[in-house]
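Trainee: This is the structure, below, for whatever I ask next.
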Amino acid sequence: EFRRVLFRSLIPDSVVHEIDTVRFLTNSPIVAVEVKHLKRNSKNFPQLNEPILAFLETESGVVADVEMNVSVGFGYQVKTEAVFESGIVEIGRTSGTTIWSDGKYFGNEHVTFKTRFKEAFENELQRWVNAAKNGTIDGPSAWDGYLAAATCEAGSQAIATGTRVEVAYAPKPAF
């Protein structure tokens, strides 16, 4: 049971952030998830079969691929690359110093999400506090959370079964 829980947690613990990003960038709900297993990382827990490659298919026809390797062993890196008809954009590279010397380059990488996203977490919390103080709402809604949770459930089924799983959503209620 522990193996199954650890294995399935890759989706709701890690890939959930890319689920939010893909839906935000495409302005389209995710309709299906498929997960492929890549060559197993020998550095990970014996119960964890990763890295994985998750395919997120949106209602608008976009297919996003998410590479997830939590046991990579060098640090904590998150980046997004979007390929469009007329160009490519990449976001999320770690800021900081990179040194090029003697045909090599060197840089620092975060080793945890706590340092990688410290400023973003603080800004998000401050915006929430400011909105609560003003009696307003700022940021994602409960519906956004529901859409991510429903997609995570499909993703967890996909990782467990090795099949493409369609996302089941309830109709959106009137808020």
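Trainee: Could you tell me the number of lysine pairs in the chain with C-alpha atoms less than 23 Å from each other, where the two lysines are 8 or more residues apart or belong to different chains?
Mentor: Here the count comes out as 8.
Trainee: Using a 1.4 angstrom probe on heavy atoms only, work out the carbon and sulfur share of the accessible area of the chain in %.
Mentor: Ligands and nucleic acids excluded, carbon and sulfur reach 55 percent.
Trainee: Determine, for each peptide in 40-46, 168-174, the mean count of other beta carbons within 10 angstrom over its residues, then list the peptides with the highest first.
Mentor: 40-46, 168-174
Trainee: By the scheme Lys and Arg +1, Asp and Glu -1, what is the net charge of all other residues having a beta-carbon under 11 Å from that of Arg23?
Mentor: Summing Lys/Arg as +1 and Asp/Glu as -1 gives -4.
Trainee: Just the accessible area per residue of the chain, please: how many Å² with a 1.4 Å probe?
Mentor: The answer is 70 Å² per residue.
Trainee: In percent, what relative contact order does the chain have, based on Cα pairs under 8 Å that are 6 or more apart in sequence?
Mentor: 26 percent
Trainee: I want to verify the translational diffusion coefficient of the chain in µm²/s; compute it with Stokes-Einstein, Rh as the Kirkwood radius over Cα pairs, at 10 °C and 1.306 mPa s.
Mentor: My calculation gives 87 µm²/s for D.
Trainee: Apply the Karplus parameterisation 6.51 cos²θ - 1.76 cosθ + 1.60, with θ equal to phi minus 60°, to every residue of region 116-122 and state each ³J(HN,Hα) to the nearest whole Hz, in sequence, with x for glycine and proline.
Mentor: 4, 10, 3, 5, 5, 4, 5
The values are calculated or read from the model by the stated rules, or taken from the named source; none is laboratory data. This structure is a prediction, so every number in the text was calculated from the model and none was measured. FYI the Cβ positions are ideal-geometry reconstructions off the backbone, even for glycines, and counts take in every protein chain you see. Each accessible area value is taken on the protein alone, full model and side chains, heavy atoms only, with ligands, DNA and RNA left out. Shrake-Rupley method; radii C 1.70, N 1.55, O 1.52, S 1.80 Å.
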